[in-house]
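The values are calculated or read from the model by the stated rules, or taken from the named source; none is laboratory data. Please read all numbers here as calculations on a predicted model, not as lab measurements. Every residue, glycine as well, gets a Cβ built from its backbone with ideal geometry; the counts of neighbours run over all protein chains shown. In case anyone asks, the SASA skips ligands and DNA or RNA and just uses the protein heavy atoms, side chains included. Shrake-Rupley method; radii C 1.70, N 1.55, O 1.52, S 1.80 Å.
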Amino acid sequence: MQHAELMAWRKNLRRELLARRQAVPADRLHAWRIAMDRHLQYGFPRLAKGVVAFCWPIRNEYDARFLVRHLREQGATAALPVVVAPKTPLIFREWHPGVELEVGKLDIPYPKAGAELVPNTVLLPVNGFDRQGYRLGYGGGFFDRTLESLRNSKPLVIGVGFELGAIATIQPQPWDIPMDYVVTERGVYQRDAGKLEFLGVPREQRVEPSSPVCYAADIAPGYFREDPESPRH
């Protein structure tokens, strides 16, 4: 497949996957988010340490903010990506309630100022993910450039998305960088020997957790520094 054909094919696939996700009703998204919070909390206990990068949710993406609140309470530092310039790697700045945000590309908020951080883990939203562990994003290539720039201090990359984004292949190219894990409402996948293997649901979930993840009802309106009456992206 020639480059122009590949880009057109990915664009059409992205449009289809986005439409599929944006058609999911809010109550189902909420249930999926709770399941994914649990998979991440119990499947990756080291998230509670170090710097965890996540993305502000748009277009019915998995909303990592509730999990991040819990991780911060356990001692983690949360960071958001910042676009510095087109076709350059992202940087990451600390986020916590009260940090001043600006709105950037795709209407995604980012910290206006702050020291640059290097994440230990990246919770990376996916529009689609394939059997080899490659991600279909929004087409800007920002995360591929960023992960390439972090090769000497490579973070653990966990793709976060829904089962409806599972596809056979994104037709990976040399610039595409695979994820280490993918977490969906179904459970946890690990990339091994060049392909994704389903690991299942983390075992700790089969007993009553002593410190459950906080849910939407536990968070006061305005905690995320947004208008609670405004529509979601």
Among the lysines, which fall within straight-line cross-link reach of Lys87, defined as a Cα-Cα distance under 27 Å, with same-chain neighbours fewer than 8 residues apart omitted? Lys11, Lys105, Lys112, Lys154
From the P(r) of the chain, can you give the percent of Cα pairs sitting at distances over 26 Å? 35
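Carbon-plus-sulfur fraction of the accessible area of region 1-126, 1.4 Å probe, in percent?
Reported share for carbon and sulfur atoms: 52 percent.
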Solvent-accessible area per residue for region 1-94 (1.4 angstrom probe, square angstrom): 48
In deg cm²/dmol, rounded to the nearest 500, the helical mean residue ellipticity at 222 nm of the chain, built from -39500 (n - 2.57) for every DSSP H run of length 4 or more, is -7500 deg cm²/dmol
Per residue, how much accessible surface does region 125-198 expose to a 1.4 Å probe? Answer in Å², no decimals. 43
Dipole-positive endmost among Ala79, Trp175, Leu136 within the chain (Cβ charges, Cα centre): Trp175
Ala4 to Ala31: FRET efficiency via 1/(1 + (r/R0)^6), r the Cβ-Cβ distance, R0 35 Å, to the nearest 0.05? 0.30
If I compute solvent accessible area with a 1.4 Å probe over the protein chains, what percent of it on region 150-206 is carbon and sulfur? 46
Region 1-65: which trypsin sites (Lys or Arg not before Pro) are DSSP loop and have at most 16 other beta-carbon atoms within 10 angstrom? Lys49, Arg59
